[in-house]
Amino acid sequence: MNTKRIGILGGGQLGKMMGIAAQPLDLDFWILDKSLDFPAAHSCTHFVEGDFTNYEDVMAFGRQVDIIGIEIEGVNDQALQDLENEGKNVIPSSASLKIIKDKGLQKQFYKKYNLPTASFKLYDGPDDISDAVATGSLVYPFVQKVRKGGYDGQGVSIIKSSESKLLRASSLVENLVDIKKEIAILAARNQSGQIHIYDPVEMVFNEEANLVDYLFCPAQLTLETQVKAKFLVSKLINEMDIVGLLAVEMFETNKGELLINEVAPRPHNSGHHTIEAAMTSQFEQQLRCLLNLPLGGTALRSPAIMINILGAYAYTGKPIYDGISEVMAMENVYVHLYGKKETRPFRKMGHITILCDSIESGLQKKEKIQKKLRVIA
Ligand code: ADP
């Protein structure tokens, strides 16, 4: 259908699921990552072994394709910028990615454009933070986040007192928010400026691992909050001039405010349910954005729950999906395993989507699934 070559930097589960979505559209879909053992290696038309953080590898890969996308933010910036200068279509643009990769720049962006976010300050490192505490310009409790390279709760620490250990990196320090709900909204924008927004999801975190345990969609929000949240997201995607998907994580506070926490310019864990539950999956939507095709519908076909399948605590090694056949005996339950060769505590090994008549009935099924299924080694 389309002769343009798409090249994605990163061969994890997001690359894999994009590759699966590329197949019915008969797209020429390339992936760059380190090893043929990675999840996306067999869902693409060409897998190139290389390092997406390495300038030469990204340049060589980028020159072989027409459109360059990402499934992870930590790619070589300079190469993306140089590929843009050579006339390649890079999505998201290197300029927007530069802001998003640095939580400090992200927060400054929200402030500049009057987008609500928790108040913050930037510090060079733990010593400056300790000095600020000593002089009384910073008071406990607060949240410390490393500016670059954090993911899935790594690089975020709630600092309650002088007993809490500070992270040793250039950081952003935020007020501790009185969170009622954590929600996420996925939006898509193509090069023609068409914007489609999905329904908000409500995320429930695994406290120990600080990553999403499960989520449900639609989020249980008042109509007013939903409208407000979608308005913020459309303002944000326009102001950032993003092409492609933008996943926006937000807090609803106990006072009823909405605060933007952080964004990701790519398919996102909070959109996995769209494969079965929405008119267009986030992965197909991203391909439509990359190719500047008309965007697909975002309406829900059904309420849904998405459970992350995480490696069980204390097991490392070749994964065994204990209880999977009992899970697969359940109706309206869709299992996705990423094919990672090794399980580790809390590693994202797959996900399950439950389609349900109501969130309540879906949550009952979720409980049963989480009791039955364990990823051991
Ligand atoms: P990551 O990029 O690792 O996902 P986040 O910024 O999303 O990091 O933070 C991880 C989690 O930490 C959030 O989902 C939330 O539960 C908690 N958190 C983050 N910032 C705050 C805050 N300012 N106040 C309270 N909790 C927070």
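Every number here is computed from the coordinates shown, using simple stated rules; none is lab data. Everything numeric in this text was worked out from a predicted model, so none of it was measured. Positions of Cβ are backbone-derived with ideal geometry, glycine not excepted, and every protein chain shown enters the neighbour counts.
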One finds the C-alpha centres of region 141-178 and region 1-76 to be spaced, in Å, by 33
As a test of the formula, what do you get for the chain when each DSSP H run with n ≥ 4 contributes -39,500 (n - 2.57) and the sum is divided by the residue count, at 222 nm and rounded to the nearest 500 deg cm²/dmol?
-8000 deg cm²/dmol
For the chain: relative contact order, % (alpha-carbon pairs under 8 angstrom, 6 or more apart)
13
Treating only the Cβ of Lys, Arg, Asp and Glu as charged (+1, +1, -1, -1), what charge dipole size does the chain show about its Cα centre? Round to the nearest 20 debye.
280
Report the charge-dipole magnitude of region 179-238 in Debye, nearest 20, computed about the Cα centre from +1 at each Lys and Arg Cβ and -1 at each Asp and Glu Cβ.
440
Square roots of five times the C-alpha gyration tensor eigenvalues of the chain, ordered largest first and given in whole Å, equal 30, 27, 22
Sequence ranges 66-77, 234-245, ranked by mean other-Cβ count within 10 angstrom, highest first:
66-77, 234-245
Using the 2.2 N^0.38 Å rule of thumb for compact globular proteins, work out how region 220-266 stacks up: its C-alpha Rg over that value, please.
1.17
Rg/Rh for region 130-186 to two decimals, with Rh computed the Kirkwood way over all alpha-carbon pairs.
1.00
Ranked packing of 267-274, 301-308, most packed first, by mean Cβ within 10 Å:
267-274, 301-308
If the cut-off is a Cα-Cα distance under 23 Å, which lysines reach K145, setting aside same-chain residues fewer than 8 apart in sequence?
K98, K101, K103, K107, K111, K112, K121, K160, K165, K180, K181, K348
Which order do peptides 313-322, 336-345 fall in by mean Cβ count within 10 Å, highest first?
336-345, 313-322
